[in-house]
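A short worksheet on the structure shown next.
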Amino acid sequence: MRSSESWSTMQQFRQAPSVHIKVTYTPSKYFMCVDGEVIQFDCSHRNMPPAVFNQITRECVQEETTDNHIRRRRATTGSSRVGDVCNFNTDCQRGMFCGGGICSCLSDFVSISQHCWPKVNPGESGCVENRQCEAVWPGTICTSAGLCECPKETVPSRTRDGTVCISSAIPPACPLPEAHNGNPNPATVLANPPVLCNSLSSETRSSNNGDGSTWCVYPDGEQDVYIADTYNCISHPQVNNELFNEYSEKVDGICCHNRAFVCIQPLESGDEPSVPRWWYNSATGTCVQFMWDPDTITNASPNNFRTAEHCESYCRDTCRRGGPEFASSKFSILDEVPRTNCLASTSRCDQDHQCTLIGSQQTCCPTAAHICSANGGRLLLTKPPENYDRGLQIAGHKSVTRYYYDIDQGRCVNFMYQGLGNYNNFLTKQDCESFCSKLVCENGNPLRIGEEWQRCETNADCPSSHSCQGSHKVCCPTAQSLCTQPKRLGDCTSAVRRYWYNAATRTCEMFQYTGCQGNDNNFPTLVACQQRCRGINVEPKCQHGRAFRDRNGNFQQCSDKQNGPKCPVNYVCSYDGTTHGCCPTKAFTCSLNPDKGVQCGSGRSYRYYFNSNKQSCESFQYEGCDGNANNFLTSEDCQHYCGVGGCPNGGMPLRDEATNKPMSCSENKSCPSTHECLSIPVNGNVGNRCCPTKQHICSQPPQQGNHCSKISVGRFYFNIVTR
């Protein structure tokens with residue numbers, strides 16, 4: 001691009017300090033003070049394309065006119081608007097894509113009245129609506145000339161993470177937390193004064209004794225600390241050698257948390273919270289409202305936004321944890337941009353990053369293995385001596401308890417965090433386990449016993465709903481278990497688009513997740529849901545016990561039609577109103593020996609089983625998961641289901657008068673008309689016996705029985721006469 005001077009037409013205005021001249025503003029013109037003279041430059045040139053002045057880069061740049069923006073927005077490939085149902089990207093209007101069956105704006109567009117308009121950075125031209133500017137930074141307005149202008153007393157400043165509006169006042173302060181009523185938070189300028197830097201430098205390892213001539217490097221005595229991957233050098237209008245004469249002539253900016261580091265910072269309310277703000281919860285990926293004390297002088301967290309929209313655009317629409325991979329620039333760090341379009345063969349991510357779809361944008365985000373490692377998602381030259389990074393004690397901060405994932409122990413452990421650490425640094429143990437469990441289980445979370453993950457050596461140590469993950473020795477949910485969990489919206493108040501597998505319809509469906517207390521049937525994308533749950537069937541509901549599963553743990557399908565698939569021996573095809581499944585017969589269930597099952601998170605308890613030898617229900621100790629169908633919560637349930645006394649309808653099997661032994665029956669050996677041949681548990685097996693029919697039982701007269709105690713018990717009988 002040609003320089004602005006070579007494109008400009010100069011007009012000089014020589015004026016006394018007290019003289020005010022009113023001029024008409026146009027996006028292509030700008031003023032500069034040269035040798036005490038105010039000179040107006042014009043980016044227009046008769047032989048060049050139309051250009052406008054960029055306040056941030058201070059250059060003339062080619063830019064579409066406002067009319068061109070409108071025409072581009074209206075030139076649609078489809079008729080569907082934001083929120084409409086779609087099948088393909090071409091169903092949606094320009095600036096949209098079809099995500100999850102709904103038309104949504106592309107990452108660099110904002111929704112206005114169900115249409116998508118391009119976002120415009122502060123200090124740049126091309127806006128029509130204020131929302132185009134506010135989508136980048138709150139309070140920014142679109143002037144009548146089509147320029148996005150920062151709020152009063154702030155100016156635009158470019159960073160690797162995008163353009164921000166920074167205070168133009170002294171003392172210099174970082175853009176976050178945003179000032180209240182124009183006044184920066186005292187803690188950001190007093191208790192923790194910013195480190196000064198040079199925004200055009202490419203030096204990231206040496207601070208030159210902290211003289212401000214380099215990019216952000218923390219001067220810690222004789223040992224400089226690399227922080228270029230967690231802090232940005234942001235140019236500031238009041239940072240220069242004249243105001244800070246003890247610094248280098250190159251100093252022009254202050255070191256502020258970069259976007260990735262901002263978004264993992266804790267919520268800090270202060271002593272007397274009174275102002276509503278928003279905090280990004282990196283564990284749930286949602287923005288939460290809280291009350292804040294703008295006059296606090298300690299522990300000011302930059303994870304503090306005036307609006308939910310700013311919180312979401314700044315933190316939610318980026319990598320979940322850690323910074324993206326940047327494409328290097330030969331000019332300066334400021335010119336580096338996140339690596340995108342990473343599915344293309346020419347722009348693949350490195351081994352520590354994976355291509356992640358964020359909205360419509362393909363971004364190289366840190367892998368869970370990189371975040372949960374000793375390096376904690378940072379670009380360190382040498383591995384830290386420990387599996388965690390306690391960081392450095394910096395002004396305005398105190399040591400706090402945090403949690404890290406220990407790769408050697410395979411679990412989350414607490415440590416004392418000082419500050420300036422890495423991303424393997426979580427506010428709670430639950431947050432740590434939720435994020436780093438992806439290292440352990442491909443999908444879902446490990447099974448727990450109390451607060452710890454259940455360990456295993458083989459699949460036999462896990463319930464059938466889980467399998468033993470080889471390298472980490474923990475029980476992870478199977479696809480059948482995970483994908484048949486019900487939809488769970490959660491218990492919080494956010495609204496996050498997620499997908500769950502509906503096993504009844506065998507499809508993945510979108511739902512609004514509230515941000516916490518969900519279950520494992522919860523996927524960030526439609527593709528992830530489909531890949532994990534394809535072909536999984538809903539679990540058939542049996543009267544008692546669980547339906548038959550094949551060796552792979554999948555429920556076997558059956559049909560009551562003559563030529564349909566049949567069930568194995570001792571199972572019968574049953575329909576629960578939704579699906580068919582092979583359920584255990586009552587005779588088979590009540591003939592099984594007690595099975596204590598497998599230890600799991602629910603813990604040990606006492607259950608009841610039917611002892612077919614004694615024809616009675618007895619207790620046994622149950623480990624918590626699996627076992628067999630001869631397992632009842634109460635003795636009453638056991639007696640009711642298995643029919644203590646031998647026959648399912650009540651009564652005892654018919655006995656041979658000569659031998660007093662129960663009579664066997666078969667197709668060739670029938671029972672008397674008062675009885676029917678039924679399969680019942682016999683000495684641990686299943687046998688055919690003659691049991692009284694319902695008609696015979698209900699036609700019997702009442703018998704009061706013999707007195708065996710002083711207590712009489714009321715009972716009911718069926719009166720066949722009165723019915």
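The values are calculated or read from the model by the stated rules, or taken from the named source; none is laboratory data. All figures in this text were calculated on a predicted structure; none of them were measured in a lab. Here Cβ is always computed from backbone atoms with ideal geometry, including for glycine, and neighbour counts include all displayed protein chains.
When Thr428 is tested against the conditions (1) within 30 Å of Arg551 (Cα to Cα); (2) under 21 Å from the mean Cα position of the chain (by Cα); (3) of a type outside the set (Gly, Ala, Ser), the lone failure is (1). Selection over region 137-173 of residues that are buried (at least 21 other Cβ atoms within 10 Å of the Cβ), among the polar types (S, T, N, Q) and in a loop (DSSP other than H, G, I, E, B) gives a count of 1.
Checking region 274-282 against the condition returns no match, with no residue being modelled with pLDDT under 90 and of a type in the set (A, V, I, L, M).
When Pro662, Pro653, Pro672 are screened for being in contact with a Leu (Cβ under 9 Å, 6 or more places away or on another chain) and farther than 23 Å from Asn570 by Cβ, only Pro672 passes.
Looking across region 435-459, the residues that are out of contact with any Pro (no Cβ under 8 Å at 6 or more places or on another chain), closer than 20 Å to Gln517 by Cα and not in a strand (DSSP E or B) come down to Phe435, Cys436, Lys438, Glu442, Pro446, Gly450, Glu451.
So is Gln351 surrounded by 15 or more Cβ atoms within 10 Å (Cβ to Cβ) and of a type outside the set (Val, Ile, Thr) or not? No: the conditions fail for Gln351.
If you take the residues in region 304-344 that are of a type in the set (Phe, Trp, Tyr) and out of contact with any Phe, Trp or Tyr (no Cβ under 8 Å at 6 or more places or on another chain), which one is farthest from Trp292 (Cα to Cα)? Reasoning before the result, please.
Kept after step one, since they are of a type in the set (Phe, Trp, Tyr), are these residues of region 304-344: 305, 314, 326, 331.
Narrowing the set further to residues that are out of contact with any Phe, Trp or Tyr (no Cβ under 8 Å at 6 or more places or on another chain) leaves 326, 331.
Details: Phe326: 34, Phe331: 40 Å.
Within region 304-344, the match that is farthest from Trp292 (Cα to Cα) is Phe331.
Would you be able to say whether some residue in region 205-218 is under 32 Å from the mean Cα position of the chain (by Cα) and part of a loop (DSSP other than H, G, I, E, B)? Yes; the residues of region 205-218 include at least one that is under 32 Å from the mean Cα position of the chain (by Cα) and part of a loop (DSSP other than H, G, I, E, B). Hey, does region 474-495 have a residue that's buried (at least 19 other Cβ atoms within 10 Å of the Cβ) and over 28 Å from Glu452 (Cβ atoms)? Yes: region 474-495 contains one or more residues that are buried (at least 19 other Cβ atoms within 10 Å of the Cβ) and over 28 Å from Glu452 (Cβ atoms). Considering region 641-691, and only residues there that are among the aliphatic types (A, V, I, L, M) and in a strand (DSSP E or B), the residue that is farthest from Phe588 (Cα to Cα) turns out to be Leu678. Can you tell me which residue in region 312-331 is nearest to Ser373 (Cα to Cα), limited to those that are in contact with a Cys (Cβ under 6 Å, 6 or more places away or on another chain) and in a helix (DSSP H, G or I)? Across region 312-331, the extreme among qualifying residues is Cys315. Exactly one residue out of Ser605, Ser619 is out of contact with any Lys or Arg (no Cβ under 9 Å at 6 or more places or on another chain), loosely packed, with under 15 Cβ neighbours inside 10 Å and of a type in the set (Gly, Ala, Ser), and it is Ser605. Scanning region 409-424 for residues that are out of contact with any helix residue (DSSP H, G or I) (no Cβ under 9 Å at 6 or more places or on another chain) and either modelled with pLDDT of 85 or more or closer than 23 Å to Arg488 by Cα (or both) returns Phe415, Met416, Tyr417, Gln418, Gly421.
Taking region 533-565 as the search range and keeping residues that are touching a strand residue (DSSP E or B) at 6+ places or on another chain (Cβ under 7 Å) and charged (D, E, K, R), which one is modelled with the lowest pLDDT? So, considering only residues that are touching a strand residue (DSSP E or B) at 6+ places or on another chain (Cβ under 7 Å) and charged (D, E, K, R), the one modelled with the lowest pLDDT is Asp560. Residues of region 115-136 that are more than 18 Å from Lys29 (Cα to Cα) and either part of a helix (DSSP H, G or I) or hydroxyl-bearing (Ser, Thr, Tyr) (or both): Asn130, Arg131, Gln132, Cys133, Glu134.
I'm trying to understand the selection: among the residues of region 576-633, which are under 22 Å from Glu539 (Cα atoms), of a type in the set (Ser, Thr, Tyr) and not in a loop (DSSP other than H, G, I, E, B)? Hit for region 576-633 is Thr589, nothing else. When every residue of region 575-598 is checked against the conditions, at least one turns out to be in contact with a strand residue (DSSP E or B) (Cβ under 8 Å, 6 or more places away or on another chain), charged (D, E, K, R) and at pLDDT 90 or above.
Only residues that are over 20 Å from Ser612 (Cα atoms) and either touching an Asp or Glu at 6+ places or on another chain (Cβ under 8 Å) or not basic (Lys, Arg) (or both) were counted across region 677-703, and they come to 10.
Just so you know, in region 519-528 the residues that are touching a strand residue (DSSP E or B) at 6+ places or on another chain (Cβ under 8 Å) and not β-branched (Val, Ile, Thr) include one that is farthest from Asn443 (Cα to Cα), and it is Leu526. Do we have any residue at all in region 386-398 that's at pLDDT below 90, of a type outside the set (D, E, K, R) and under 24 Å from Ala528 (Cβ atoms)? So far as region 386-398 goes, no, none of its residues is at pLDDT below 90, of a type outside the set (D, E, K, R) and under 24 Å from Ala528 (Cβ atoms). Can you find even one residue in region 174-181 that is within 33 Å of the chain's Cα centre (by Cα) and not assigned by the TED database to the domain that holds Asp224? Checking region 174-181: not a single residue is within 33 Å of the chain's Cα centre (by Cα) and not assigned by the TED database to the domain that holds Asp224. The selection criterion, being more than 39 Å from the chain's Cα centre (by Cα) and either among the small types (Gly, Ala, Ser) or more than 25 Å from Thr163 (Cα to Cα) (or both), holds for Glu242. When region 657-667 is filtered for residues that are surrounded by 11 or more Cβ atoms within 10 Å (Cβ to Cβ) and either among the basic types (Lys, Arg) or modelled with pLDDT of 85 or more (or both), the ones remaining, listed by number, are Met663, Ser664, Cys665.
Considering region 416-460, the residues that are among the aromatic types (Phe, Trp, Tyr) and touching a Phe, Trp or Tyr at 6+ places or on another chain (Cβ under 9 Å) include one that is nearest to His397 (Cα to Cα), namely Tyr417. Across region 226-239, the number of residues qualifying as assigned to a strand (DSSP E or B) and more than 32 Å from the chain's Cα centre (by Cα) comes to 1.
Yes or no, residue by residue, for (1) at pLDDT 85 or above; (2) touching a helix residue (DSSP H, G or I) at 6+ places or on another chain (Cβ under 9 Å); (3) farther than 25 Å from Pro463 by Cα:
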{"site": "Ser616", "(1), (2), (3)": "no, yes, yes"}
{"site": "Gly627", "(1), (2), (3)": "yes, no, no"}
{"site": "His640", "(1), (2), (3)": "no, no, yes"}
{"site": "Pro653", "(1), (2), (3)": "yes, no, yes"}
{"site": "Lys669", "(1), (2), (3)": "yes, no, yes"}
{"site": "His675", "(1), (2), (3)": "yes, yes, yes"}
{"site": "Ile697", "(1), (2), (3)": "yes, no, yes"}
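Against the definition (assigned to a strand (DSSP E or B) and closer than 24 Å to His466 by Cβ), how does Cys508 come out, yes or no? The answer is yes for Cys508.
Cβ separations smaller than 9 Å between residues 6+ apart or across chains give the following pairs from region 284-301 residues that are within 22 Å of Arg497 (Cα to Cα) and assigned to a loop (DSSP other than H, G, I, E, B) to residues that are at pLDDT below 85 and basic (Lys, Arg): Gly285/Arg316.
One residue alone among Ala547, Ala495 is of a type in the set (Gly, Ala, Ser), on the phi < 0 side of the Ramachandran plot and in contact with a Phe, Trp or Tyr (Cβ under 6 Å, 6 or more places away or on another chain), and that residue is Ala547.
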